[in-house]
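Encoded as structure tokens, the structure appears first; notes follow it.
The values are calculated or read from the model by the stated rules, or taken from the named source; none is laboratory data. This is a predicted model, so every value here is computed, not measured. Neighbour counts run over all protein chains shown; Cβ positions are idealised from the backbone, glycine included. With ligands, DNA and RNA removed, areas are computed over all heavy atoms of the protein, side chains included. Shrake-Rupley method; radii C 1.70, N 1.55, O 1.52, S 1.80 Å.
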Amino acid sequence: MTNSVNTNVSAIVALQSLNRTNADLAKVQKRVSTGFRVSDATDDGAAFAVAQGLRSGVKGYEAVNERLSASKGLLSVTSSGLQNISDTLGEARKVLTKLADGSLGTAERTQYNTDYAALKVEVQNYANQSSFNGVNLLVGTATTAIIYTSAGGTFNLVAQDTLAGATAGMAAVATAAAAATLLAGGFATYETAVGTSLSTVGGYTRSVTNQDNFTKILADATVQGIGNIVDADLAKESARLQSLQIRQQLGTQSLSIANQAPGALLSLFQN
């Protein structure tokens, strides 16, 4: 090696080593402070892009879960309304059966007809009041499409037209014969329709609940996958941080020693 005061090779080498150590130390300090091995595109562009795509997917899952939860509220209200209607129809059948008895006196028939009419109003009120966020599945036959997947897939909830069914199913009966006819015909048909609606809404509820749970599992798995890609192993980074800090100290000392080397050449020119 040439001894020169113009070019200090040892100092250049020591400085290069120190710069590399400082750069590595900056990376480790960034990982320790953020908790991420890949916190932005400068750390690892490909991994960061993948992680960003997955994060977008998680937000989609969260949105789906939010809307499915709202749908569960709608279905809960609908199911409660149908249950109350079904219970009320049971009471109405008792009264209608009595009205089918030809031996009823005029006063009794009037009283039972009043009770029967009141029960019909109850059924209609339950149907009208079974609304959630402006949607009522017991009025009309409209289809409500709810978001089902983060890819935009939808699931249809079909309104059961329960309110309209009460008109024919619980028609007024003036005579015992009319009551008997209604019991075997329109009323029985309406009871069956309400039972079918209960089953249908129960199926909707099961499907929505299962999808809600599955979407949460997908979101959790995706979050775990993101962590595998970008999270830092803090135990390893802590050990590496201490190692680099020691290397930094040694590099600084080496550079200091190297910078003193040209001064030693002065001794060659002393008497």
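What number of residues within the stretch 55-68 satisfy the criterion of being within 14 Å of ILE226 (Cβ to Cβ) and either touching a His at 6+ places or on another chain (Cβ under 8 Å) or open to solvent by less than 60 Å² (accessible area, probe 1.4 Å) (or both)? Count: 4. Every listed requirement among (1) touching a helix residue (DSSP H, G or I) at 6+ places or on another chain (Cβ under 9 Å); (2) assigned to a helix (DSSP H, G or I); (3) without any contact (Cβ under 8 Å) to a residue 24 or more places away in the chain is met by ALA171 save one, (2). Taking each residue of the stretch 69-83 that is open to solvent by 40 Å² or more (accessible area, probe 1.4 Å) and looking for partners that are not in a helix (DSSP H, G or I) and not polar (S, T, N, Q) with beta-carbon atoms closer than 9 Å, six or more apart or interchain, yields SER76/PHE132; VAL77/PHE132; VAL77/LEU137. Could you go through the stretch 30-48 and let me know if any residue there is surrounded by fewer than 17 Cβ atoms within 10 Å (Cβ to Cβ), within 30 Å of GLN260 (Cβ to Cβ) and of a type in the set (Asp, Glu). No, that holds for no residue. Go through the stretch 171-209 and count every residue that is touching a Phe, Trp or Tyr at 6+ places or on another chain (Cβ under 9 Å), aliphatic (A, V, I, L, M) and under 19 Å from PHE155 (Cβ atoms). Final tally of qualifying residues: 1.
Here is a yes/no grid of residues against (1) more than 23 Å from GLY186 (Cα to Cα); (2) modelled with pLDDT of 95 or more:
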position	(1), (2)
THR114	no, yes
ALA117	no, yes
VAL123	no, yes
TYR126	no, yes
PHE132	yes, yes
ASN136	yes, yes
THR144	yes, yes
SER150	yes, no
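The lone criterion from (1) in contact (Cβ under 8 Å) with a residue 40 or more places away in the chain; (2) more than 45 Å from the chain's Cα centre (by Cα) left unmet by GLU108 is number (1). Taking the conditions (1) modelled with pLDDT of 95 or more; (2) within 25 Å of ARG31 (Cβ to Cβ) in turn, LYS236 satisfies each one other than (1).
Look at VAL194 and say whether it is in contact with a Gly (Cβ under 9 Å, 6 or more places away or on another chain), of a type outside the set (D, E, K, R), in contact (Cβ under 8 Å) with a residue 60 or more places away in the chain and part of a helix (DSSP H, G or I). Taking the combined requirement at face value, the residue satisfies it. The residue that is least open to solvent (accessible area, probe 1.4 Å), among those in the stretch 156-168 that are farther than 12 Å from ALA127 by Cα and modelled with pLDDT of 95 or more, is LEU157. Scanning the stretch 33-76 for residues that are of a type in the set (A, V, I, L, M, F, W, C), in contact with a helix residue (DSSP H, G or I) (Cβ under 8 Å, 6 or more places away or on another chain) and closer than 30 Å to LEU137 by Cβ gives VAL64, LEU68, LEU75.
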